[in-house]
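The values are calculated or read from the model by the stated rules, or taken from the named source; none is laboratory data. Note that the structure is a prediction, hence the values are computed from the model and not measured. Note that we place each Cβ from the backbone using ideal geometry, even for glycine, and neighbour counts take in every protein chain shown.
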């Protein structure tokens, strides 16, 4: 460990011969611009993207650091899918009749499923920044199509625009979510992956929370079940456009530097062919990831039932907006809880992974068991009857279903956190993680396409409920062999760089950090020289 006094006294004789003292390495000479020497020490003019900042006692990492890139991608998701979730959380895309939204979502998740499988190679070929920006555009088009259907409800040609909006978003969302997942899972150190999920999921869901305030404010006095007004869609559309533009401000993974001066593992000079081959190599490297595929399939299956079968079916417009707000608020709290527990120093990573699986199975059994008792109280026929009065927040029986719906929101975060963490435990390679995320999003969306199609045929709610309980419980049992017998305490660096063309010396940690204060000072010096 380099002491604080040593850091202050440390100097570098010249940059021309790239020598160093006190074991502080100058890892990438092409990051150097110019320097000047004085009697007191060495002063270096650094590229702006690699400069850390200090405001009083607050240390701000450089622009190209994982925390900053995670924060920026989280804001993009806050503004794009976060607002989409706020709209979808109302049920039916904010409309009373959920049929159009169901058909749009079938188109959305069908294309999402197809392109999701190939989004990993696309990300690796085009880079994070461009694919994230393209991904944001789809959310704008989707919302614009819904707005058009509200403005021109009787225009038959608008329907084609609606279906196109859903299908185009499927393509774009595959790119956005795979790029985001790559940042969240491959940028941090192994012991930080749960933390990164927690912070991303919190910021992302704040978009849905604040987005839910829009329809809540717009429809505060609407005690019936009605379509939200045009202004709600316009506000969402403007925010989504801002998110898509912000994505262009990120940097690509090849420029990212961690605090120990290690880099993200990528493919050298990727081509379309090399990245398609990389998909196969990902499965070949760790074939037991297949045991997680049922969890991938189930991970969005419950949204249709929760949003359409519960929220849209049973509640007034303003109660739906409040339910949605609290649903996503619960996700934030649950994400922090499980994310930090999974990264705890208590016991080994293998032990934590196994305990988490048992915990998740227990919560699934308890929560969905209680959900069965609630589902017995109504059917699709009773809520569509003319005499049915939607539940409002002033109704005496509002508290019970509200608490259940909040718990469903927390459960969503627990499930997603577990899936991301298990994938992150398999590899630290940015290239391989992009493919894992692609498989995840592809299967997730295929499942969503099926369940939205089922709902569009108006099957009874109890059948939808049963499919959720069965799939969630069964997928955990299928994942158990991989989690109990193949999970490792650390990923193998040599295996991660296999067939990438990367030099192991360029991606391995450059510094052994054992003191927090020293870490910041040393990494700042070494990264920016």
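One line per residue, one yes/no per condition, for (1) outside any helix (DSSP H, G or I); (2) touching a strand residue (DSSP E or B) at 6+ places or on another chain (Cβ under 8 Å); (3) within 27 Å of residue 356 (Cβ to Cβ):
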site	(1), (2), (3)
145	no, no, no
168	no, no, no
206	no, no, yes
217	no, no, no
221	yes, no, no
240	no, no, no
246	no, no, no
251	yes, no, no
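Restricted to segment 380-483, the set of helices (runs of 4 or more DSSP H) holding at least 1 residues that are at pLDDT 90 or above and surrounded by fewer than 23 Cβ atoms within 10 Å (Cβ to Cβ) comprises 399-426, 430-456. Residue 151 meets the stated requirement of being in contact with a helix residue (DSSP H, G or I) (Cβ under 8 Å, 6 or more places away or on another chain), surrounded by fewer than 18 Cβ atoms within 10 Å (Cβ to Cβ) and over 23 Å from residue 454 (Cβ atoms). Scanning segment 95-132 for residues that are assigned to a helix (DSSP H, G or I) and under 25 Å from residue 231 (Cα atoms), we see that the one that is modelled with the highest pLDDT is 108. Looking across 340, 327, 303, one residue alone is within 23 Å of residue 488 (Cα to Cα), under 18 Å from the mean Cα position of the chain (by Cα) and modelled with pLDDT of 90 or more. It is 340. Consider residue 185 carefully, then state whether it is out of contact with any strand residue (DSSP E or B) (no Cβ under 7 Å at 6 or more places or on another chain), touching a residue at least 12 places away in the same chain (Cβ under 8 Å), surrounded by 17 or more Cβ atoms within 10 Å (Cβ to Cβ) and under 30 Å from residue 121 (Cβ atoms). It is true that residue 185 is out of contact with any strand residue (DSSP E or B) (no Cβ under 7 Å at 6 or more places or on another chain), touching a residue at least 12 places away in the same chain (Cβ under 8 Å), surrounded by 17 or more Cβ atoms within 10 Å (Cβ to Cβ) and under 30 Å from residue 121 (Cβ atoms).
Taken over segment 191-222, the residue count meeting the criterion of being modelled with pLDDT under 85 and out of contact with any helix residue (DSSP H, G or I) (no Cβ under 7 Å at 6 or more places or on another chain) is 3.
No other residue among 334, 253, 312 is more than 30 Å from residue 99 (Cα to Cα) and modelled with pLDDT under 90 apart from 253.
Among residues that are touching a helix residue (DSSP H, G or I) at 6+ places or on another chain (Cβ under 8 Å), surrounded by fewer than 24 Cβ atoms within 10 Å (Cβ to Cβ), modelled with pLDDT of 75 or more and closer than 30 Å to residue 388 by Cβ, residue 231 is included. Restricting attention to segment 340-362, the residues being over 21 Å from residue 411 (Cα atoms) and part of a helix (DSSP H, G or I) number 3.
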